[in-house]
Every structure is written in structure tokens, then in C-alpha cells.
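Enquirer: Please see the structure below; I have some questions.
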Amino acid sequence: MNTHRVLEPTLKDILDGIQPLREDWVMRFKIIEELEDVVRSVESLRGATVEPFGSFVSNLFTRWGDLDISIVLYNGSFISSAGKKRKQNLLGDVLKALRQRGGWNRLQFIPNARVPILKFENASISCDVSIDNIQGLMKSKFLFWVNEIDRRFRDMVLLVKEWAKTHNINDPKAGSLNSYSLSLLVIFHFQTCEPAILPPLKEIYPRNVCDDLTGLRTDAERRISEICAANISSYKSDKSRAINRNTLSELFISFLAKIEDPFEQPENTARAVSAGNMIRISEAIQTTYRRLVIANQNQISPLDMLVRPRISRFIATPAGNSSYNAGHHSRTPIGTSSYMAGQRITTHSQISRSVYSPSQAQFQTHYTRQASHPNILSAQRMGSRPSSSTNQRQENQINNSTSLRYVPHSYIQGESVWRPKSDQ
């Protein structure tokens, strides 16, 4: 008997319910554009660019995920390195401009954090704005590139994030884990399972990335991306490498926890986790494991231990019947790996500008590739899937930053956008 026959379809249904839809991408791009308009009105930020990072750029965000944005200061073609005091002052200027403009909710300035942050909410999406967070952008790119090695990585990260929220262990403000730490836990698990799914990260980039972010930004980012692209290609093409064929359910229940930030030594990404919360996190892992085993043995749906009650209404699928839709809207996820179904809709055309950008050109709302992929965005807008050959060509271009062009965002006008209730 397949002990995972209950859990496997449940995990697939959870992914269908939590991964971002077209409108989730549209709303975030719209926020970026609106913030860019505000930044342009601030005299002290003349020439600055607005660039997203975090889970949005790494394509590891759920429908209710936060949006991280960096305001990158103009410093010619060189990487800027503003001091903390200047960052505090500049974010204060942005705060004043946002208040004058109006329409930005729950404004909160946190100047004395390790990284000064301006928080706000727009369209029910929580946003964190920082200054010159180039390191955060590069870390986001790395996670995006890691996903190129095996699409199960993204699925596992989304599932682990939702599971952690269900057990109240994904809130650094309350002394538990942040989402970046959870992503690193998945990386560690994929590196240590048998056979390994991911290589040691030093085989992707042998140096400390953050130390190499100096000088000309285009040169620094190009060097890093070229090295990573070559090493990832070499790893994927190694025919002597044993292939791990574990299902999502097998990987999920074998999930173990360890926290270490491999990109910025010796930073501790779990520094906000207290000793008491460490025990609670460990108990959540152990309890979930035991209950999943029992649920599989007794053919009981494990949904309640994997997703929050207010999220389960977007899933509402009986265990073992992943085709059931419970009367919900028929929705086409974008950015899903969907390797189970053998097809995939990518969002690389929309986020590749921010991931692989070699220039300081101002961030625009929507992007697509030039002649090599002229129809990828229009296919997504119509709700259809790009051809498998188009997908394959996109996946093979890990480092193609020269074939991008702007796409007008006028198609947003008049579009009916349906969104679930905010996670906040």
C-alpha cells in the first residue's frame, strides 16, 4: 500500500491554493510602479531606482506573501554603500512623501532596526522598503537560480512556509523563524537527502557573494551570475549524478531542520529565535511528522495540520481527489512548477528583469523577452500555457539579461481583479 496516497494529492491541492495567480503578480508590479512615482518626487532620491527582492524575485512567494523593495541610490555605475544614518534620513523622506500622496496604509517607520525599514500596506499586501539592499537582491537571485536545479524546491518552500504559519512558527517578531530561514532549511534538506537533490552551495558559487558585490554593479553581478550559471549547468548535466525521484510527500515528511545562512557568513538568520521558541519549533516538526504518518495509515485528511483555517477555504479538496474544486473560481496559477502535471507556466518573463538586471535603468511594471520569446506574456494574459518548447528555451537561459524589453502595462486598465482576503 502506498503510505503517501493521502498526503501526496493533499500537498498538490495546497499548492494549487496558495501559489500566486496572475492578479497577484499584477498587484505587486502595480505597487512597485506607484512607489517609483513617489520616489521620483523626492529630491534627496534623485536618480534612485526601485527594485524588488525577496520571495517575489526568487519566485518563492505565496498569494498572501509580503513584498520586499529596495530603493537603490544613484552612484554612477558603482554599487552604493550608504551608511545607516543616511538610510534612516532617506526613508524618513519617503515616509513624508507617502503621507502627502495618500493611499498608503499602516505606515510604520522602523529606523533602529539592523536594516532600517519603512513598512506599509497597499492593496492588502504588506510591503517592506529598505535602502541599497543589493545583498538582499543577490540572495534572492541565488534562491531563484537554485530553483532552476530542481522544481521541487519551490514547491517545498511554499508548503513549508504555509505549514510554519499554521503552527505559528513563521513570525520573527514573535521570536520564531523568518521565511528566508525556512528556505534555507529546505536547501539543507535537499542537500542531505539520499541521493542529494541540491549540491553544496559552494559548488554553485565558491566565494562569499556579499564580499564580491563591490565596484561596478554591472560587472560584479555579471561575474557572479556567469559563475553560477556555468556551475549549475555543469551540475545538471552530470550524467554520473544519482537522481532523486522522491515525491513531494516523501520529501515533506522527511523534512529536517537546520539554520545557517550560506550567503553572508557569519550572519545568523535565526537570531530572533528564542530558546523557548526553538523548543516549540522542534515540537511542531515532531508533532506534524507523527500526525502525517497516522493520517496516511488511517486515510484521514491531514489538511488541518498543513494550512491555516482561513486558507483552507481556498483549497477545500477532499483527500485523494485533487480534481475537486468545491465550487471555487477556476483559477490559473502563474509561476507554478506543476511538475506533477508535466506542464508549467513560468513567470521568468515578468521577473527576469529584476533578477538578471545588468543596468541601473528604472524598474518598470511588466517585461518580456525580445524576439526569442515574443509571445510568452500574451499567452499568460490570455490564460493559456506557453508551448513546451517555449518553456524549455526559457529554462535554458539562466543568464540572459540582454534580450529584455519593456511591455506596456495598459492591459491592467479595466481588468477585473479578484483577490482573497489578506493574510495580514
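Enquirer: Any residue at all in the stretch 218-241 that's surrounded by 14 or more Cβ atoms within 10 Å (Cβ to Cβ) and assigned to a loop (DSSP other than H, G, I, E, B)?
Expert: No, the conditions are met nowhere in the stretch 218-241.
Enquirer: Something else: In the stretch 112-123, how many are in a loop (DSSP other than H, G, I, E, B), aliphatic (A, V, I, L, M) and within 28 Å of Phe78 (Cβ to Cβ)?
Expert: Step one: filter the stretch 112-123 for residues in a loop (DSSP other than H, G, I, E, B), giving 112-116, 123.
Within this subset, residues satisfying the condition of being aliphatic (A, V, I, L, M) are 113, 115, 123.
Now narrow it down to the ones that are within 28 Å of Phe78 (Cβ to Cβ): 113, 115.
Total satisfying the criteria: 2.
Enquirer: Next question. Quick one: which of Ser126, Ser80, Ser130 is farther than 30 Å from Arg222 by Cα and either modelled with pLDDT of 95 or more or outside any strand (DSSP E or B) (or both)?
Expert: Numbers: Ser80 fails: farther than 30 Å from Arg222 by Cα; Ser130 fails: farther than 30 Å from Arg222 by Cα.
Matching residue, one of Ser126, Ser80, Ser130: Ser126.
Enquirer: Looking at the stretch 59-110 only, could you name the residues that are acidic (Asp, Glu) and touching an Asp or Glu at 6+ places or on another chain (Cβ under 7 Å)? Spell out the reasoning first.
Expert: Here is the first cut: in the stretch 59-110, the residues acidic (Asp, Glu) are 66, 68, 93.
Correct list: Asp66, Asp68.
Enquirer: Next up: Could you count how many residues in the stretch 133-151 are buried (at least 21 other Cβ atoms within 10 Å of the Cβ) and in contact with a Leu (Cβ under 7 Å, 6 or more places away or on another chain)?
Expert: 3
Enquirer: Another question, if that's okay. Go through the residues of the stretch 70-87 one by one and say whether even a single one is of a type outside the set (S, T, N, Q), surrounded by 22 or more Cβ atoms within 10 Å (Cβ to Cβ), under 30 Å from Leu158 (Cα atoms) and in contact with a Leu (Cβ under 7 Å, 6 or more places away or on another chain).
Expert: Within the stretch 70-87, one or more residues are of a type outside the set (S, T, N, Q), surrounded by 22 or more Cβ atoms within 10 Å (Cβ to Cβ), under 30 Å from Leu158 (Cα atoms) and in contact with a Leu (Cβ under 7 Å, 6 or more places away or on another chain).
Enquirer: From the set of residues in the stretch 242-252 that are under 16 Å from Phe188 (Cβ atoms) and either among the acidic types (Asp, Glu) or in a helix (DSSP H, G or I) (or both), which is modelled with the highest pLDDT? Write out each step before concluding.
Expert: Looking only at the stretch 242-252, we keep the residues that are under 16 Å from Phe188 (Cβ atoms), and these are 244, 246, 251-252.
Cutting the leftovers down to either among the acidic types (Asp, Glu) or in a helix (DSSP H, G or I) (or both) gives us 251-252.
On the way: Leu251: 92, Phe252: 89.
Filtering the stretch 242-252 for residues that are under 16 Å from Phe188 (Cβ atoms) and either among the acidic types (Asp, Glu) or in a helix (DSSP H, G or I) (or both), the one modelled with the highest pLDDT comes out as Leu251.
Enquirer: From Ser81, Ser70, Ser77, Ser41, which residue is of a type in the set (S, T, N, Q) and closer than 22 Å to Trp145 by Cα? Show your work before the answer.
Expert: Numbers: Ser81 fails: closer than 22 Å to Trp145 by Cα; Ser77 fails: closer than 22 Å to Trp145 by Cα; Ser41 fails: closer than 22 Å to Trp145 by Cα.
On inspection, the qualifying residue turns out to be Ser70.
Enquirer: Pick from Gly65, Gly103: which is crowded, with 21+ Cβ neighbours inside 10 Å, at pLDDT below 95 and either touching a Lys or Arg at 6+ places or on another chain (Cβ under 8 Å) or part of a loop (DSSP other than H, G, I, E, B) (or both)?
Expert: Just a single option satisfies the conditions, and that option is Gly65.
Enquirer: Given the options Leu35, Leu45, Leu60, name the one that is buried (at least 24 other Cβ atoms within 10 Å of the Cβ) and in contact with a helix residue (DSSP H, G or I) (Cβ under 7 Å, 6 or more places away or on another chain). Let's see the steps before the verdict.
Expert: Working: Leu35 fails: in contact with a helix residue (DSSP H, G or I) (Cβ under 7 Å, 6 or more places away or on another chain); Leu45 fails: buried (at least 24 other Cβ atoms within 10 Å of the Cβ).
Testing whether each residue is buried (at least 24 other Cβ atoms within 10 Å of the Cβ) and in contact with a helix residue (DSSP H, G or I) (Cβ under 7 Å, 6 or more places away or on another chain) leaves just Leu60.
The values are calculated or read from the model by the stated rules, or taken from the named source; none is laboratory data. Owing to the predicted nature of the structure, the values given are computational and were not obtained by experimental measurement. Ideal geometry is used to build each Cβ from the backbone, glycine not excepted, and the neighbour counts take in all protein chains shown.
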